[in-house]
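Visitor: Before we start, here is the structure in question, set down as structure tokens.
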Amino acid sequence: EDVVGQSAEGLLDVEEGRRHADELGVSSQPASLVPALVRHGAPRDWTLTTRSGERRTMSLSFTEIREDDLLIGYLCAGEDVSLRLRLEAAQRAALDRELQSVARLEQADRMKDEVVSTISHELRTPIASIQGYGELLADGDLGTLAPAQADAVAKVLRNASRLSVLVEDLLHLDRLGAADEVPLRLEPSDMAALVVQSRAS
């Protein structure tokens, strides 16, 4: 009852009509716009205002009404797609947040790799110095050591060697991170010797 007898100009939002007219390259007057919408064929989204003032998005399609091949009017059919569009917008926002989180994690991973690589390279020099002076002490080049001193120096050298191996492992992992494939080298290990070595350290 509210719309019977009204012009189509009063049913469609003026700004929405101009938007669609601009996109279709026609005048926003209904006499030009509606036939263009019919020719376009596919439904188009219109933001319309309800009686209560709420803005809703309707997917509208326009078709001709003909009688004996004579155009007597147009039929506009619509579907309220407001909820679907809100859900799609929420999904896009969630995806954007997920992509941002992935980007931050990748950046943190790169920074971690850079820190590990830098620290590993920086540790090589002091470890080499500890090993060098330890070997001088163990060989007696700086004077004869008492048995307790020789044992302490031996432990220092073993632990310096372990540190050196750890640093090389870190550098190896850093190189593997940049490689496409991870080469594996399998070899037997003497577990008893490893336990004795660990206990002695």
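The values are calculated or read from the model by the stated rules, or taken from the named source; none is laboratory data. Only a predicted model underlies this, so the values are computations on that prediction, with no experimental measurement involved. In this analysis, Cβ positions are derived from the backbone assuming ideal geometry, glycine residues included, and neighbour counts consider all displayed protein chains. For the accessible areas, the whole protein counts, side chains as well, though only heavy atoms, and no ligand, DNA or RNA atoms are used. Shrake-Rupley method; radii C 1.70, N 1.55, O 1.52, S 1.80 Å.
Visitor: Within the range 179-197, identify whether any single residue is assigned to a helix (DSSP H, G or I) and in contact with a helix residue (DSSP H, G or I) (Cβ under 8 Å, 6 or more places away or on another chain), and answer yes or no.
Guide: Initial filter on the range 179-197 (assigned to a helix (DSSP H, G or I)): 191-197.
Filter once more, so that each one left must be in contact with a helix residue (DSSP H, G or I) (Cβ under 8 Å, 6 or more places away or on another chain): 197.
There is at least one residue in the range 179-197 that is assigned to a helix (DSSP H, G or I) and in contact with a helix residue (DSSP H, G or I) (Cβ under 8 Å, 6 or more places away or on another chain).
Visitor: Look through 52, 61 and report the one residue that is surrounded by fewer than 17 Cβ atoms within 10 Å (Cβ to Cβ), modelled with pLDDT of 90 or more and under 19 Å from residue 81 (Cβ atoms).
Guide: 61
Visitor: Mind checking whether some residue in the range 30-37 is open to solvent by 70 Å² or more (accessible area, probe 1.4 Å), in contact with a helix residue (DSSP H, G or I) (Cβ under 8 Å, 6 or more places away or on another chain) and at pLDDT below 90?
Guide: No, that holds for no residue.
Visitor: Tell me, yes or no, whether the range 65-74 has at least one residue that is surrounded by 15 or more Cβ atoms within 10 Å (Cβ to Cβ), at pLDDT 85 or above and either not in a strand (DSSP E or B) or not acidic (Asp, Glu) (or both).
Guide: Here is the first cut: in the range 65-74, the residues surrounded by 15 or more Cβ atoms within 10 Å (Cβ to Cβ) are 74.
After this cut, where a residue has to be at pLDDT 85 or above as well, the list is 74.
In the following step, the residues that additionally are either not in a strand (DSSP E or B) or not acidic (Asp, Glu) (or both) were identified as 74.
Taking every residue of the range 65-74 in turn, at least one turns out to be surrounded by 15 or more Cβ atoms within 10 Å (Cβ to Cβ), at pLDDT 85 or above and either not in a strand (DSSP E or B) or not acidic (Asp, Glu) (or both).
Visitor: Would you mind stating whether residue 153 is of a type outside the set (Phe, Trp, Tyr), over 27 Å from residue 118 (Cβ atoms) and surrounded by 12 or more Cβ atoms within 10 Å (Cβ to Cβ)?
Guide: yes
Visitor: Let me ask something else. When you look at residue 102, is it within 30 Å of residue 158 (Cβ to Cβ), open to solvent by less than 100 Å² (accessible area, probe 1.4 Å) and in a helix (DSSP H, G or I), yes or no?
Guide: Working: within 30 Å of residue 158 (Cβ to Cβ): no; open to solvent by less than 100 Å² (accessible area, probe 1.4 Å): yes; in a helix (DSSP H, G or I): yes.
When the stated conditions are applied, residue 102 does not pass them.
Visitor: I've got another one for you. Restricting the search to the range 169-201, which residues are among the acidic types (Asp, Glu) and either at pLDDT 85 or above or loosely packed, with under 10 Cβ neighbours inside 10 Å (or both)?
Guide: The answer is 180, 181, 187, 190.
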